[in-house]
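The values are calculated or read from the model by the stated rules, or taken from the named source; none is laboratory data. Worth saying up front: this structure is predicted, and the values here are computed from it rather than measured. Here the Cβ positions follow ideal geometry from the backbone for every residue, glycine too, while neighbour counts run over all protein chains shown. Accessible surface areas use protein heavy atoms only, side chains included; no ligands, DNA or RNA. Shrake-Rupley method; radii C 1.70, N 1.55, O 1.52, S 1.80 Å.
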Amino acid sequence: METLLDWLRAHDSRIAFLVIVLVVAFVATKAVSRWLKKLLNHSGIPNASIFVNLSLVAIWTIAVAMVLQPVFGINPTTIVTALGVGGVAISLGLKDTIANIISGFGLMIGHVIHPGDHVRIQNITGTVEDITWRQTVVRERNGNQLIIPNSVLNTSSLERLTREGEACVSVAFAVKPGTDIKMAAKRISSVLKTATSGITDRRNPPQVNFTGFSPDGVQGEALLFANAGINQDRVRDCAVRALAKEDFII
């Protein structure tokens, strides 16, 4: 116990300095995080955690650099030199991480994608929840959360959708030869509207389009618009079950 007390007395100034720096850094991270979120909310730059996280990393890096020499007796320039010597190895090992960070900034600064956007990426449709320093988080309507590396997203085909486009469900069908097309369109629209009542948008009734011909009959496509939070597969299932009961549908 006496040895510990003697050690604390001998290093009280260093310990006090370390505690002060850590407390200031902790308070600064909280204040900067809150300030950045408010600033991003009122600016043209979308609010995403990548900006906040990198700012917090910068604050803690400065705090560590401040205590290395006074507290631990380590010269910061020594670490910088060591990092310079091993920079090639580090860059090779972290090339994917660096690519993701740069791609994330490119996506955000270029206003390519924002949290809240409805997008389709490589046949994946969902809503962007967040863009972090490494990945973009997209949530599908069925609740699945997709984690897409920023570098992959930056080189993939990306389609921005309106809310109606993101909710659109396509159901293909064919009618028998000789069927009255006008009558079929009205009947299909009515059947689908009844079958999907409560899970599709009442403001956007089903749309029926005929797309071509085949040896079996006339091909068509019905478009329905799912309500928010409704799985598109559920809408498609209800529509197919309803159309299967109609005699003129193949």
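The table that follows gives values for the structure above.
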item	result
K193/V64 FRET efficiency (R0 45 Å; Cβ-Cβ; nearest 0.05)	0.10
Partner lysines for K186 [C-alpha distance under 30 Å; skip if fewer than 8 residues away on the same chain]	K176, K245
Value of Rg to Rh for region 102-176 (Rh from inverse mean 1/r over Cα pairs, i.e. Kirkwood)	1.07
Spatially proximal aspartates and glutamates relative to K38 (Cα-Cα < 19 Å; intrachain offsets below 8 disregarded)	E129, D130
Heavy-atom accessible surface of region 149-238: percent carbon and sulfur, 1.4 Å	49
Average Cα contact separation per residue, region 152-250, under 8 Å, 6 or more apart, as relative contact order %	38
Packing-based order for 177-187, 97-107, using average beta carbon neighbours within 10 Å, highest first	97-107, 177-187
Average Cα contact separation per residue, region 193-250, under 8 Å, 6 or more apart, as relative contact order %	33
